[in-house]
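**Q** Here it is, the structure in full.
The values are calculated or read from the model by the stated rules, or taken from the named source; none is laboratory data. Values in this document were obtained by computation on a predicted structure and should not be read as measured data. So basically every Cβ, Gly included, is an ideal-geometry build from the backbone, and we count neighbours across all protein chains shown.
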Amino acid sequence: MRKRILLPALVFTWLVAPAPASAQTPVDLEMTARIMEEGLERSHALELYHTLTDEIGGRLTGSPAHDEAAAWARDRFEEWGLSDARLEGFEFGRGWTLEKISVEMVSPRYMPLIGYAEAWTPSVAGVLSGPVVYLGDKTADEIKAMMPSLRGAIVLTHQPQTEFRDADRPQPGVGDASVRTGNPPGIRLNATTPIRQMRELLKEAGAGVALRPSSYRDGTVGVGGSRTTEDSAVPSIILAAEQYNMIARMAAKGMPAELRLELRTRYDEDDTRTFNVIAEIPGSDPDLRDEIVLVGAHIDSWHTSSGATDNGDGAIAVMEAMRILAALGTSPRRTIRVALWSGEEQGLLGARAYIAEHLADQASREKLTVYLNDDPGSGATLGFYMQDNAVAKEIFDAWLEPLSDLGVTRNIIDGIGSTDHVPFNELGLPAFNVIKDFDAYDESTRHTNADFPERMSEEELIQSAIVMAHFAWQAAMMDGRIPRVPVS
């Protein structure tokens, strides 16, 4: 775990904190102090985090590991006394599991290679060995002329990688930095033949496996995959860029290395659904209890690591926030509902399925008070992206002010995209995502084999959960409504 921040010393400050001097919005400081005490003194965050990341591990949508994580989270909500804890299924398609991968260079010398299969890629038949065939500088016509030699071959599809993801995106709210997307800028992979055409040619030729480089440095490998990959596709493996480059350079000089590899994968087709996890603390005000304060994060991840910062930390923050509120025996005016989404990495599918099920008409949408999402970045929560909603920012600023000793520093007017609050925004609903650091997130952990719990500290997990619980409570108790920005 990385360096700690000293949260326990803040308890006394919180118990005597004065009302925010600049805020016109009432803030329930008594409950905030109770949330602080429970979150600091009796936190379950680290235990939950290690169960999710170490014991369950990567949680590819549709996989048995994801289903295990969803069931585990539901059971925790039941254990803590939340109401109506359940799994809500929606159609996704077949799942996929990586059972074994081994990639080695055996000539001109031995070297184990760092490689990961793309999700939903099929298996390689048996143990495949032989010299690589370099196609990174070949035209489509040249590849067609080589087809007889490509059957069963180990193929390098791209040129050596020269551009790398070696910097994080600007930190929002610092100087003039502004972030309008949930994704960092793309990194170019170079091949003379477009990759889609290359794949069709390799499939026609019956190639044994296709290798391409990662766009990360220093042995970090970023891997995704497509759930629409066909059984007949050529298996695809991504290698650490430095190792790929070495092998490609030798092949381009007429000195092809010999590799030996195994790849076994399994498709999970018994149940083609995947599952959101839903639970709630019911509202108590007869006039407001049907209104919903929704907090959420996606619990799915990619498969090359344990999904610790994308998005295990966010999932644990909202779980621990709900545990805190349940442990305090709270009785909010509005219902506080938690959602752990599936399918975020495949297109915000879980959030969209929830909207289709629960917010299909305007009457139901009117009952959503706010959605608070925890996703991009890692570390402590710094505030919220306000999606250009200036009036809502005034409310959130009042709620933020008592958290200043926790390192919560700013709400910013900018929005962020590419995560689960976006489908709510598209309907004109008030939905906001937390601000977190991008320190080493884009450059190292996002969608890579380096996404392990050591990038987070226990104190950061505790802080994020307290912030989420505080904001959820204030929203559940407020008079009036959080304003909505008209959809353009």
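**Q** Give me the pairs, please: first residue somewhere in the stretch 183-207 and assigned by TED's automatic domain parsing to the domain that holds D166 and on the phi > 0 side of the Ramachandran plot, second residue anywhere and exposed (fewer than 14 other Cβ atoms within 10 Å of the Cβ) and assigned to a loop (DSSP other than H, G, I, E, B), beta-carbon distance under 7 Å, and either six or more positions apart or on two chains.
**A** Filtered contacts from the stretch 183-207: G206/R151.
**Q** Checking the condition among the small types (G, A, S) and buried (at least 23 other Cβ atoms within 10 Å of the Cβ), which residue from A431, A450, A440 passes?
**A** A431
**Q** Would you confirm whether any residue within the stretch 251-271 is small (G, A, S) and free of Cβ contacts under 8 Å to residues at least 12 places away in the same chain? Quick ask: steps written out before the conclusion?
**A** Pass one, the stretch 251-271, residues small (G, A, S): 251-252, 254, 257.
With free of Cβ contacts under 8 Å to residues at least 12 places away in the same chain added as a condition, the list becomes 254.
Within the stretch 251-271, one or more residues are small (G, A, S) and free of Cβ contacts under 8 Å to residues at least 12 places away in the same chain.
**Q** Somewhere in the stretch 387-396, is a residue under 17 Å from the mean Cα position of the chain (by Cα) and not in a helix (DSSP H, G or I)?
**A** No: the stretch 387-396 contains no residue that is under 17 Å from the mean Cα position of the chain (by Cα) and not in a helix (DSSP H, G or I).
**Q** Could you list, in sequence order, the residues of the stretch 453-488 that are part of a loop (DSSP other than H, G, I, E, B), in contact (Cβ under 8 Å) with a residue 40 or more places away in the chain and over 17 Å from G377 (Cα atoms)?
**A** Residues satisfying the conditions are M478, D479, R481, I482, P483, R484, V485, P486, V487.
**Q** Determine the pairs where a residue that is under 17 Å from G343 (Cβ atoms), located within the stretch 62-77, has a partner that is among the aromatic types (F, W, Y) with Cβ atoms under 6 Å apart, the partner being 6 or more residues away or on another chain.
**A** G62/F92; A70/F275
**Q** Here's a follow-up. Quick one: in the stretch 241-265, of everything that is farther than 15 Å from I154 by Cβ and among the polar types (S, T, N, Q), which residue is surrounded by the fewest Cβ atoms within 10 Å (Cβ to Cβ)?
**A** N245
**Q** Then there is this: When you go through (1) polar (S, T, N, Q); (2) free of Cβ contacts under 8 Å to residues at least 24 places away in the same chain; (3) in contact with a strand residue (DSSP E or B) (Cβ under 9 Å, 6 or more places away or on another chain) one by one for S404, which number turns out not to apply?
**A** The one condition S404 does not meet is (3).
**Q** OK, next. Which one is nearest to the chain's Cα centre (by Cα), of the residues in the stretch 199-239 that are part of a loop (DSSP other than H, G, I, E, B) and among the acidic types (D, E)?
**A** Among them, the one singled out is D218.
Okay, residues lined up against (1) surrounded by 15 or more Cβ atoms within 10 Å (Cβ to Cβ); (2) in contact with a helix residue (DSSP H, G or I) (Cβ under 6 Å, 6 or more places away or on another chain):
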site	(1), (2)
L239	yes, no
E269	no, no
T272	no, no
N276	yes, yes
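**Q** Now for a different question. Among the residues of the stretch 370-409, write down those that are out of contact with any helix residue (DSSP H, G or I) (no Cβ under 7 Å at 6 or more places or on another chain) and within 21 Å of S457 (Cβ to Cβ).
**A** Within the stretch 370-409, P376, L382, S404, T409 qualify.
**Q** Now for a different question. Being in the same structural domain as L52 (by TED's automatic domain parsing), buried (at least 23 other Cβ atoms within 10 Å of the Cβ) and not in a helix (DSSP H, G or I) is the requirement here; does A380 meet it?
**A** In short, yes.
**Q** Just give me the residues in the stretch 43-62 being buried (at least 24 other Cβ atoms within 10 Å of the Cβ), of a type outside the set (V, I, T) and not in a loop (DSSP other than H, G, I, E, B), in sequence order.
**A** The answer is A45, Y49, L52.
**Q** Find the residue count for the stretch 281-291, including only residues that are in contact with a strand residue (DSSP E or B) (Cβ under 8 Å, 6 or more places away or on another chain) and surrounded by fewer than 21 Cβ atoms within 10 Å (Cβ to Cβ).
**A** Total meeting the criteria: 4.
**Q** A follow-up question, please. Go through (1) farther than 14 Å from A469 by Cβ; (2) hydrophobic (A, V, I, L, M, F, W, C); (3) in contact with a Ser or Thr (Cβ under 9 Å, 6 or more places away or on another chain) one by one and return the number of the condition I278 breaks.
**A** For I278, the failing item is (3).
**Q** Does D442 qualify as being more than 18 Å from S305 (Cβ to Cβ), out of contact with any strand residue (DSSP E or B) (no Cβ under 6 Å at 6 or more places or on another chain) and of a type in the set (D, E)?
**A** In short, no.
**Q** Out of everything in the stretch 267-301 that is hydroxyl-bearing (S, T, Y) and part of a strand (DSSP E or B), what residue ends up being farthest from the chain's Cα centre (by Cα)? Reasoning before the result, please.
**A** Let us first name the residues in the stretch 267-301 that are hydroxyl-bearing (S, T, Y), namely 267, 272, 274, 284, 301.
Among the residues that remain, those that are also part of a strand (DSSP E or B) are: 267, 274.
On the way: Y267: 22, T274: 16 Å.
Result: Y267.
**Q** Would you call I114 more than 27 Å from W302 (Cα to Cα) and not assigned by TED's automatic domain parsing to the domain that holds S301? Break it down into steps so the answer makes sense when it comes.
**A** Working: more than 27 Å from W302 (Cα to Cα): no; not assigned by TED's automatic domain parsing to the domain that holds S301: yes.
Considered against the rule, which asks whether it is more than 27 Å from W302 (Cα to Cα) and not assigned by TED's automatic domain parsing to the domain that holds S301, I114 comes out as no.
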